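Below is one structure, written out as structure tokens; the observations come after it.
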Amino acid sequence: MNIPRRQFFRAFGALGLGTLFGLRSRAPVTAHEGTVHSASAVTLEPFVDALRIPPVLKPKVIRKVDTYTMTMRAALAQCHRDLPPTPIWGYNGIFPGPTIVAKKGRAVSVRQINELPVCPPAPGHEHPGAMLPAVHLHGADVRPDSDGHPRDGIPFYGGFRDYQYPNQQRGCALYYHDHTHEMTGHRVAMGLSGMYLLVDKSTEAKLRLPSGKREIPLNLQDRSFNALGEFQYSLTPDTLEMGFHGDMLLVNGVVQPYLQVETAKYRFRILNGSNARIYKLALSDGSSLIQIGTDGGLLQRPKPQASIEIAPSERIDVIIDFSAAPVGSQIILQNLNGAGSTGSIMRFDVTKKVRDTKKIPAVLLPWEEIPEDQSVGLREFRLARQTVDGVLTWTINGQAYRMDNPPLATPTLGTIEHWKFINPSNHPHPMHLHLVQFQVVAVNGEPQEASDYGWKDTVVVPPASELTIVVRFLSHLGRYVFHCHNLEHEDFAMMAEFEVIAPTTP
Ligand code: C2O
Ligand code: CU
């Protein structure tokens, strides 16, 4: 059953996606079976397009709930001055999707309408609903039926689903993205992701962090283009092992943009929205990135760093202080893990002298440690590449993901557990748990200072390493998934379920 599925994906991957879905009638660029199709057919000059900032959606207030409607659909997007418009799939037809700004304690409801082009049937798919898209709010504490479980796909064409987000958790940068069963990688690559900023005024207002035009979301993604401007995404044995890596870096949908800045402090809400690429961010003038937050919200205190690694779906909240930079200077946000076209992400052009009186506060948010000594147990998860039913695949505890798998963990509501991820493979795995924010307590047996990591929902388990987190199951009962956020690992099949169960009454 798995083998035809693989063959389908390979055939599928060999075509330009826009062509496959009938957006364009031109012939697809020939692809070569067995190679990583990550090299673009074009070279693109960096820093010629201005950074775009996705629009913030305005809600309709219905019975005190901020209510939004979004439509997933095919459209065209201009990714670079010298490229023809690129066929994308986007929330409201834009790439990346619009930003939602939510307030802590105030509920949000999002109706997601599916007007995506109808997909061809997938031979051998394990589940009839397999191709239906689901939308996951990454990092959010929500009920299972609003979590975008791949089982809860939205019907084609014009089907919809209402997602309810209570926003009771700490303020942080969340993001929404596609979570289609076995096809998340392809659909996110086509453009289906967007930012969701959850603001907690009660903790943030007094910090007077840079805001307004000086608070900017940056969604980092990598893509490859053919000469028609289409995204090249393919699933070859190499991409299935490494995950998809494009050779062009985009920020908010624009290849290597520039941003004009004033001599002031800026707050960047950075998301690694890439399928598989891990970036190491640094500034070309040697000044530091002042990290103030992580996936789950603000750190205890600011942490200046020369460079910061960020893996798929991780978020960092960073202040860059341009106040000492001379007008006319150009500072590049670099990716020290890359070279050539993957070595530079964007450029800041300092164009205007202003007086910036803002100070970065010494203390941001009191740290709340999950009481490790109250943990009721340790679960171990082994992350491996192995053959299951004759197919080389990614596994967790020997299991390749299928929607009818029994849960690999059944934590009890109200309890704290230790989870240890054991990675004997030679690839990093950014492991993500739905529903919760957790804390990192040990790497290779060495105890870690959890407050250094901050609140996390995704953490990289390095090659040939073990990493232990402590996690509290407080809010909801039911089935959720956890998985590697290298999206090709996730799709092929490094994902499992956990079910939060009710305590048994004595
Ligand atoms: Cu951002 Cu299940 O993922
Ligand atoms: Cu992985």
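Annotations for the structure displayed:
- Using the Stokes-Einstein relation with a Kirkwood hydrodynamic radius computed over Cα pairs, the translational diffusion coefficient of segment 380-435 at 10 °C and a viscosity of 1.306 mPa s comes to 122 µm²/s.
- Label-to-label distance, R379 versus S287, with points set 7 angstrom from Cα along the beta-carbon direction: 4.5 nm.
- Nearest-0.05 FRET efficiency for K206 and Q305, computed from C-beta distance (R0 30 Å): 0.75
- The residues W455, W367, sorted by heavy-atom accessible surface at 1.4 Å with ligands and nucleic acids left out, run W367, W455 from largest to smallest.
- Taking the Cα centre of segment 222-333 as origin and assigning +1 to Lys and Arg Cβ atoms and -1 to Asp and Glu Cβ atoms, the resulting dipole is close to 420 debye.
- Listed residue (I331, L467, G390) projecting farthest to the positive dipole end of the chain, Cβ model: I331
- Karplus-based coupling profile of segment 183-192, in residue order and whole Hz: 10, 4, x, 5, 6, 5, 4, 6, x, 7, with θ = phi - 60° in 6.51 cos²θ - 1.76 cosθ + 1.60 and x standing for Gly or Pro.
- Normalising the average separation of contacting C-alpha pairs (under 8 angstrom, six or more residues apart) by the number of residues puts the relative contact order of segment 133-248 at 21 percent.
- DSSP beta bridges confined to the chain are antiparallel in about 75 percent of cases.
- Rh (Kirkwood; distinct C-alpha pairs) - segment 272-323, Å: 11.6 Å
- Within the chain: Cβ-based charge dipole about Cα centre, in debye rounded to nearest 20 (Lys, Arg +1; Asp, Glu -1): 1880 debye
- Residues within the reach of a label modelled at D356 (point 7 angstrom out along Cα to beta-carbon, backbone nitrogen below 11 Å), restricted to segment 201-241, are 210-211, 214-215.
- Over all pairs of different C-alpha atoms, segment 393-465 has a mean inverse distance whose reciprocal, the Kirkwood radius, equals 14.0 Å.
- Average projection area in nm² (convex hull over Cα atoms of segment 424-481, one quarter of hull surface): 4.3 nm²
- Cβ crowding within 10 Å averaged over residues, with 272-279, 461-468 ranked highest first: 272-279, 461-468
- Accessible area (Å², per residue) of segment 217-283, counting only protein heavy atoms and a probe of 1.4 Å: 16 Å²
- Approximate spin-label separation Q260-L336, in nm, with each point projected 7 Å along Cα-to-Cβ: 3.2 nm
- In the complete set of protein chains, residue-level accessible area for E241 is approximately 60 Å², probe 1.4 angstrom.
- Taking all Cα-Cα distances within segment 368-506, those exceeding 26 Å account for 21%.
- Think of it as helices only: each DSSP H run of n ≥ 4 in the chain is worth -39500 (n - 2.57), and spread over all residues that comes to -2000 deg cm²/dmol at 222 nm.
- Contact order for the chain, expressed relative to its length and based on alpha carbon pairs under 8 Å spaced 6+ residues apart, stands at 14 percent.
- Accessible area of segment 393-447 belonging to carbon and sulfur atoms, whole % at 1.4 Å probe: 52 percent
- Karplus-derived 3J(HN,Hα) values for segment 265-271, using 6.51 cos²θ - 1.76 cosθ + 1.60 with θ = phi - 60°, are 8, 10, 10, 10, 9, 9, 10 Hz; glycine and proline are entered as x.
- FRET efficiency for S323 and D162, using Cβ-Cβ distance with R0 set to 45 Å, rounded to 0.05: 0.50
- Reciprocal of mean inverse Cα separation for the chain (Kirkwood radius, Å): 23.1 Å
The values are calculated or read from the model by the stated rules, or taken from the named source; none is laboratory data. Here the structure is a predicted model, which means the values were calculated and not measured. Don't worry about glycine lacking a Cβ; one is built from the backbone with ideal geometry, like all the others, and counts go over all protein chains shown. Calculation scope for accessible area: heavy atoms of the full protein, side chains included, ligands and nucleic acids excluded. Shrake-Rupley method; radii C 1.70, N 1.55, O 1.52, S 1.80 Å.
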